[in-house]
1. Among what's in segment 79-94 and is part of a helix (DSSP H, G or I) and more than 14 Å from L60 (Cβ to Cβ), pick the residue that is nearest to the ligand (Cβ to nearest atom).
2. Taking interchain pairs and intrachain pairs at least six residues apart, which have beta carbon atoms under 6 angstrom, with the first residue in segment 177-202 and touching a residue at least 40 places away in the same chain (Cβ under 8 Å) and of a type in the set (G, A, S) and the second surrounded by fewer than 21 Cβ atoms within 10 Å (Cβ to Cβ) and not in a helix (DSSP H, G or I)?
3. So, restricting to strands (runs of 3 or more DSSP E) that lie completely within segment 233-298, which ones have at least 1 residues that are within 16 Å of the ligand (Cβ to nearest atom) and either open to solvent by 10 Å² or more (accessible area, probe 1.4 Å) or farther than 17 Å from G410 by Cα (or both)?
4. Could you list, in sequence order, the residues of segment 300-314 that are away from the ligand (no atom under 14 Å from the Cβ) and in contact with a helix residue (DSSP H, G or I) (Cβ under 9 Å, 6 or more places away or on another chain)?
5. Is segment 143-159 home to any residue that is within 13 Å of the ligand (Cβ to nearest atom), under 26 Å from L193 (Cβ atoms) and either open to solvent by 40 Å² or more (accessible area, probe 1.4 Å) or of a type in the set (G, A, S) (or both)?
6. Within segment 116-131, identify whether any single residue is open to solvent by less than 40 Å² (accessible area, probe 1.4 Å), at pLDDT 95 or above and among the aromatic types (F, W, Y), and answer yes or no.
7. List the number of the failed condition for I137; all other conditions in (1) touching a Lys or Arg at 6+ places or on another chain (Cβ under 7 Å); (2) more than 27 Å from L193 (Cβ to Cβ); (3) more than 16 Å from the ligand (Cβ to nearest atom) hold.
8. Restricting attention to segment 382-410, which residues are touching a strand residue (DSSP E or B) at 6+ places or on another chain (Cβ under 7 Å) and small (G, A, S)?
Amino acid sequence: MDKFVIEGGKKLSGSVKISGAKNSSLAIMPAALLNNGLNSFTNIPEVNDIYTMIKLLKHLGVESSFENGNLSLNTSKIISQDAPYEHVKKMRASIYVLGPLLSKYGYAKVSMPGGCAWGPRPVNLHIESMKKLGAEIELKDGYIIATAKRLNGAPIHFDVASVGATGNAMMAAALAKGNTLITNAAIEPEITLLAKYLEKMGARIQGIGTNKLEIEGVDELMPAKINNISDRIEAGTLLIAGAITKSKIEIEVDEIDNLNAVITKLKDSGARVEVLANKVSIDAENLEIGSVDVATSVFPGFPTDMQAQWTAYMIFGNGTSTITDNIYSDRFMHVPELVRLGANIQIVKNSAVVKGVKKLQGAKVMSTDLRASASLVLAGLAAQGETEVLRIYHLDRGYQRIEEKLKQLGASITRAATAEF
Ligand code: EPZ
């Protein structure tokens, strides 16, 4: 079990390159199950969730090789359509194999993913969309058992814009017979990248990047290559590392438009943010941090995956800020840990109300989930004295060696083994 030991109060400087995006990787990797051949991916982050997905795909018969961000997945010999609990319980995104397996092989048995640290994570929209495409669905012993001789294109409408359900429906529809119209589709960048990858395989999709997707099913899809996008959440997290420590830093990142909501809010807080071709610089030296309200929403709104990090930043605001999560109403496991450092935060329904304080005092805090642990690291960077962040296996799921990136920027942060759980 590892922990981070952080000596707070250090000014940061310099530049760091953002890794490939975790969430888009977890969408495009299972899509390879729609073809039978060698699929190549570049700019895939070396984070634990990727290895978890590789293990699950291996269980299905996929051969892989993965080094320096280059991943290949050979789907020539699929031997199973069963995604067992021991794999799926580790990562909810495993449900992404449902659509491709069902559509390509007419059968899929996928464990229900269960909840996560901050609450239930339903999959009803995934199941409903498979039914709409003609699948027989049985829920038995905690498994989704889906069968269909061949899926038939159909209209699908999502009452809630769901990234995962949109991805599953799009992948299933790509090999269905006939046309599928998906309305209120998620438009997160990971869905746009997935659609582009499916197109490269030979799928016929209209409306990519919009919340209305028209998919004309084809009989076969071919292996393809795709370059992954930058991780907008890692980018936003590191920009806040610069802001919260009142430093001047630069990040190297692509698809900067995906960061617009976060950059706008950082500017609203008084930070000087400059956007260049594939770089974003933030200058928060001598900044009096303005308290800025945030309400998360689906893309291109402020991402729920940045809510915990923003809450950490607003600890030092010059007034009171209200941070509302409209996607996950109970995603506040980081708050009690931040309060242990001296933050003044009240949870009111699905909002964190943050009254600015002058300083935090380092302490031992515990990670509970991926983005909560990122917020604890950010607070530790700005706290006085030493902060220990425990259970950083949560962080390792979605950030590629974040301590090395932060050290490169001048932070005092070390990874240490601990028997403490
Ligand atoms: C994706 O999860 C991301 N994960 C999450 O990032 C992210 O927080 C989330 O999208 C929202 O942006 C990956 O991409 C691997 P949703 P997903 O389906 O697809 C409700 C991280 O930190 N819903 O868009 O599971 C759901 O409860 C992770 O990197 C249903 O009601 O999210 C939520 O309120 C955490 N029924 C809303 O939709 C369903 O069947 C959005 O969820 C599915 C979802």
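The values are calculated or read from the model by the stated rules, or taken from the named source; none is laboratory data. In this text the structure is predicted, and so the values were computed from the model without any measurement. Neighbour counts run over all protein chains shown; Cβ positions are idealised from the backbone, glycine included. What goes into the accessible areas is simple: the full protein's heavy atoms, side chains included, and nothing from ligands, DNA or RNA. Shrake-Rupley method; radii C 1.70, N 1.55, O 1.52, S 1.80 Å.
1. The qualifying residue nearest to the ligand (Cβ to nearest atom) is A93.
2. Between residues of segment 177-202 that are touching a residue at least 40 places away in the same chain (Cβ under 8 Å) and of a type in the set (G, A, S) and residues that are surrounded by fewer than 21 Cβ atoms within 10 Å (Cβ to Cβ) and not in a helix (DSSP H, G or I), the close pairs are A186/A161.
3. Counting at least 1 such residues, we get no strands (runs of 3 or more DSSP E) at all.
4. The answer is T311, A312, Y313.
5. Yes: one or more hits.
6. No, because not a single residue in segment 116-131 is open to solvent by less than 40 Å² (accessible area, probe 1.4 Å), at pLDDT 95 or above and among the aromatic types (F, W, Y).
7. That leaves (3) as the condition not met.
8. Residues satisfying the conditions are A383, G385, G410.
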